[in-house]
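Below is one structure; the comments refer to it alone.
FYI, it's all coordinate maths here, none of it is from the lab. Bear in mind that the values here come from a model prediction, so they are computed numbers and not experimental data. Virtual Cβ from ideal backbone geometry, glycine too; neighbours counted across all protein chains shown.
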Amino acid sequence: MGFAEKRGGYWRGRYKIEPGKYGTVSDAAGDVIKFPTKLKAKQAADEEEAKVRKGQWRDPTLGQTTFGEYVRGWYEDQDLAASTMQNYRHHIEEHLLPEFEDKPLASIRRPDINAWEKKERAVYAGSSVKTWRATLHLILADAVDEELITSNPAVKRRGRGKRAGRNRDRGPEKVVTDPLGALLIAERAALLSGRDDEFVACILLMYTGMRWGELVGLQTKFVRPHTIRVERQLYELDSGQFEDCPPKDDSRRTIDVPDWLAALLSDHISRGKPKPCACHEAKYAFRGQGTERAGNAGVKLADVARRAGVSTGTVSNVLNRPDRVSEKTRVRVELAAAELGFTRDKRTGEEADHWRRNGFGTWLFTPAVSGWYPKKAPQEARPVPLRSEPWPGVPVRGRNSQGRADACWVPVAAGLTPHGLRHSHRTQMEELGTEKVLMDERLGHIDGSVSARYAHVTRNMRERLLAGLAEQWEASLSARRAMCPRSPVAVLDRLLQK
């Protein structure tokens with residue numbers, strides 16, 4: 001049986017764990033509970049000893065492992081896709097460790113997590129914060145399974161602590177565009193890059209609903225006369241390397257393509273004469289733009305900043321404008337960079353094998369959509385400078401480009417992203433009355449409902465969809481031809497002359 005022990009002005013409860021080993025009644029944080037009376041201390045000790053006999057007792061000191069100590073071991077134990085491991089690392093290092101690193105697991109409470117979430121939502125998008133909390137939930141759930149804590153404080157009870165409405169994370173409507181908008185965006189992207197590749201890629205995204213990684217990872221052997229086989233994708237890692245992996249959710253599929261799109265893609269490949277890339281020794285339908293950079297083995301500016309205890313802006317200043325920082329700070333940053341093996345990216349002089357998501361989205365797609373280049377220090381956001389002739393305008397480059405320009409683009413679908421073309425393709429199919437089972441097949445989605453098990457794709461369904469997509473394409477070409485019968489983009493100009 002347990003017993004009470006007098007300790008100065010309070011009583012503590014003591015109980016037998018095993019022969020020769022006794023425990024003290026403690027709270028979840030591992031602190032000894034100070035009882036005001038002998039009776040209460042004795043009752044608490046009896047309860048703990050009863051748990052020992054039933055095999056329900058847990059060592060209260062286990063929960064004193066800090067979150068930082070636990071999560072590092074937890075991460076090392078994971079064996080997941082490289083992209084998933086990279087995402088977990090971002091969530092942990094950039095959002096969870098700054099808040100919870102030094103806290104014992106048992107001391108993390110639901111109010112603490114809610115307060116952290118509220119603070120994060122003030123800075124970041126709600127959907128991102130929701131993802132980070134889900135990662136925290138997963139980590140703490142594993143800690144529960146290992147009996148380090150008794151319950152998971154990251155569990156979010158449905159409907160508690162929310163404003164009116166079922167989901168406060170409902171954001172603004174996803175921006176989509178129509179076939180004419182996609183055609184104009186594709187033309188502008190090709191003008192910005194100075195080649196036809198971006199035109200073909202944007203049109204392919206619009207009329208197939210492929211994901212970005214699937215487009216970048218499209219090998220020529222999977223481009224067939226009337227179909228495209230989605231078998232692999234390329235996922236860009238922080239190291240700058242591309243991971244060749246299955247498509248998201250293993251959504252391998254065959255996408256039917258209209259004859260005009262098959263001809264457009266086939267002609268693009270035959271003119272480009274793809275060569276095997278250096279990283280995977282495979283031939284891809286699309287190559288990157290510009291020259292390749294030598295990577296940094298995964299070390300980022302943020303890693304150097306964290307090691308040196310400064311901001312990423314300070315690290316950037318040390319690399320590019322050292323006169324703006326003190327000598328002491330410069331030495332600290334350089335030492336951190338040397339310890340991590342960080343070196344500045346250098347151009348190799350070789351043509352890039354693959355598009356970089358940020359380069360394509362930031363400097364080609366977004367300016368094509370909005371007509372503006374984004375802000376990048378020391379320059380503010382600014383309109384894409386254009387020479388008005390030939391229509392729709394040719395980007396002006398070089399010194400004083402803004403001063404030499406005489407026109408700019410108006411937005412086509414402000415806020416649209418490359419992934420928004422996937423949403424646009426779904427909208428296209430809805431407008432054409434496409435059956436849901438065929439839409440799910442093209443997009444690689446799985447409908448787990450009972451009714452979906454009894455729905456099947458037929459040849460007539462496919463033919464109706466392809467005919468509808470062909471009509472939309474011809475209508476967009478006619479509308480573009482009415483604006484101007486010629487185009488500075490060679491591939492589009494040939495299409496307009498037919």
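Structure summary
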| read-out | value |
| --- | --- |
| Sorted by Cβ density within 10 Å, fewest first, the residues 80, 96 | 80, 96 |
| Computed magnitude of the charge dipole of the chain (debye, nearest 20; Cβ of K, R +1, Cβ of D, E -1) | 1320 debye |
| Coarse-grained scattering of the stretch 322-447 at q = 0.17 Å⁻¹, given as base-10 log I(q)/I(0) from a Debye sum over alpha-carbon atoms | -1.04 |
| Rg/Rh ratio calculated on Cα atoms of the stretch 378-486 (Kirkwood radius) | 1.17 |
| Added length on full extension, which subtracts the Cα-Cα distance from 0.36 nm per residue, residue 436 to residue 7 | 147.2 nm |
| Ranking of 40, 54 by count of other Cβ atoms within 10 Å, fewest first | 54, 40 |
| Residue (of 416, 446, 336) at the positive-pole extreme of the stretch 323-469, dipole from beta-carbon charges | 336 |
| Exposure proxy ranking, count of Cβ atoms within 10 Å, fewest first, for 202, 277 | 277, 202 |
| Cα principal axis extents for the stretch 296-344, largest first, Å | 28, 16, 15 |
| Distance-filtered residues of the stretch 222-259 - backbone nitrogen under 12 Å, label point 7 angstrom along residue 279 Cα→Cβ | 233-245 |
| log₁₀ of I(q)/I(0) at q = 0.21, 0.29 Å⁻¹ - the stretch 396-445, Debye sum with one point per alpha carbon | -0.80, -1.04 |
